[in-house]
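The values are calculated or read from the model by the stated rules, or taken from the named source; none is laboratory data. This structure is a prediction, so every number in the text was calculated from the model and none was measured. Neighbour counts run over all protein chains shown; Cβ positions are idealised from the backbone, glycine included. Ligands, DNA and RNA are excluded from the accessible area calculation, which covers all protein heavy atoms including side chains. Shrake-Rupley method; radii C 1.70, N 1.55, O 1.52, S 1.80 Å.
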Amino acid sequence: IMKKLLLTLALCMGYLCTTVAQTFIKTEVKQSMRRVADWQIKDYPENKYAKSEPRGWIAGALYMGMFDWAELSGDNTYYDWLRKIFNRQSWQVANRMYHADDVCIAQTYIDFYNKEKNENMLKPTIARADWVLNNPSNGSMDLDYSKGSTIERWTWCDALFMAPGVYTRLYTLTGNRKYMHFADSEFRATYNHLY
């Protein structure tokens with residue numbers, strides 16, 4: 001009986017130590033994440049990429065991370081920061097109609113809309129997506145930066161992070177299969193071309 005009691009006690013102690021260590025690590029990770037998010041906010045006005053194209057893919061990736069952090073941390077400060085930026089931009093995507101880099105930001109707009117149900121957050125994204133669906137590019141899949149039509153399709157692997165997420169989110173939001181069909185068709189075209 002004593003051996004069983006000692007074994008049970010040892011297992012319980014091991015479990016408690018592991019649980020405390022995991023909690024401690026989670027706390028440290030969250031503290032580090034907060035420091036990074038706070039630094040990003042502080043650096044944002046000076047960031048050359050944010051200045052040059054605050055609706056482009058680099059800023060878009062930052063916004064997605066910041067939105068996820070706001071959700072994880074439960075701190076509305078980060079939502080407020082994003083909302084202020086997006087309101088200044090009138091919830092618009094960047095200028096190039098087809099370019100995946102220029103719609104990346106719409107992923108966060110759609111996530112924000114799902115959180116707050118403000119139609120103004122969504123209208124420009126739907127207008128752009130619908131225009132692209134109604135006027136599909138017939139640009140070449142052979143990427144050549146000297147030819148603008150070759151960046152109208154998702155001809156590079158990074159584009160698969162930036163554009164399909166917009167169309168799949170729109171499908172999830174609206175239930176309209178045209179968004180999913182477009183995302184699938186363009187993704188397959190890129191996949192088949194790259195491989």
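Brief remarks follow.
- Tally of residues being without any contact (Cβ under 8 Å) to a residue 40 or more places away in the chain and under 15 Å from the mean Cα position of the chain (by Cα) across region 92-107: 1
- Residues in region 157-178 that are surrounded by fewer than 17 Cβ atoms within 10 Å (Cβ to Cβ) and either touching a residue at least 40 places away in the same chain (Cβ under 8 Å) or closer than 20 Å to residue 92 by Cβ (or both): 158, 161, 173, 174, 178.
- Test: residue 181 is in contact (Cβ under 8 Å) with a residue 24 or more places away in the chain, over 19 Å from residue 55 (Cβ atoms) and either open to solvent by 50 Å² or more (accessible area, probe 1.4 Å) or part of a loop (DSSP other than H, G, I, E, B) (or both): no
- So residue 110, is it open to solvent by 40 Å² or more (accessible area, probe 1.4 Å), in contact (Cβ under 8 Å) with a residue 40 or more places away in the chain, assigned to a helix (DSSP H, G or I) and not charged (D, E, K, R): no
- Candidates in region 119-152 are the residues that are assigned to a loop (DSSP other than H, G, I, E, B), open to solvent by 40 Å² or more (accessible area, probe 1.4 Å) and not hydroxyl-bearing (Ser, Thr, Tyr); of these, the one that is farthest from residue 195 (Cα to Cα) is 135.
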